[in-house]
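Please read the structure below before turning to the comments.
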Amino acid sequence: MVCIQCRQVNASNSSAESDNRKRVRDIRSTDLSVTMSEIGRMVGISRQRVYQILNEEGLTTKHPIKKYQYRCPECGAISTRKFCCVECKKRWQQVPVICSGCGKLFFRNQSRFLNYYRYHNDVLFCSKECTGKWLSKQFAKVYRASPEKEIKVRV
């Protein structure tokens, strides 16, 4: 009677063992980056037992080092870098600015914007034409107000 119970206990242990072995094998074959500790926690066995099962099954016990994965803030693609490509990085660094001359929306590189804005914080222009028009409006009064300063040209 004891032997029959032992056989039943052994049979239930072997079925649980084969279930654990199957789960370990499935987890390792689907994802190589999972560590043996993580597999052990998922299955409910020790890391050492996971190592023994993987060795017996002929599967790799080493896992590649996990690299951090980032989501690109511009396009949303997943990559090992903060930005997926150079174009996304350039687009992300662009600051929207409204031209003081014509009111048009344009984009300026973040570092260029900050360097320029530090010294000229009231006016920003989209082009040389807008800059020239604004300067002519602002300083035309100064040059026209003094007619006595005429330039004489020698011939």
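Values in this text are rule-based calculations from the coordinates and carry no lab data. Quick caveat: nothing in here was measured; it's all calculated off a predicted structure. Neighbour counts run over all protein chains shown; Cβ positions are idealised from the backbone, glycine included.
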Practice task
With θ set to phi - 60°, apply the Karplus curve 6.51 cos²θ - 1.76 cosθ + 1.60 along the stretch 44-50 and write out the HN-Hα couplings as whole Hz, x wherever there is a Gly or Pro.
Solution key: x, 10, 7, 5, 5, 5, 4
Fill in the blank from the handout: Rounded to one decimal in nm, the spacing of the 7 Å Cα→Cβ label points at residue 135 and residue 75 is 4.0
Completion exercise
Averaging 1/r across every pair of distinct alpha carbons in the stretch 94-144 and inverting yields a Kirkwood hydrodynamic radius, in angstrom, of 11.7
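What ranking do 104-112, 34-42 get when scored by the average of other Cβ atoms within 10 Å per residue, highest first?
Numbers: 104-112: 12.8, 34-42: 15.8.
Put in order of decreasing packing, that is 34-42, 104-112.
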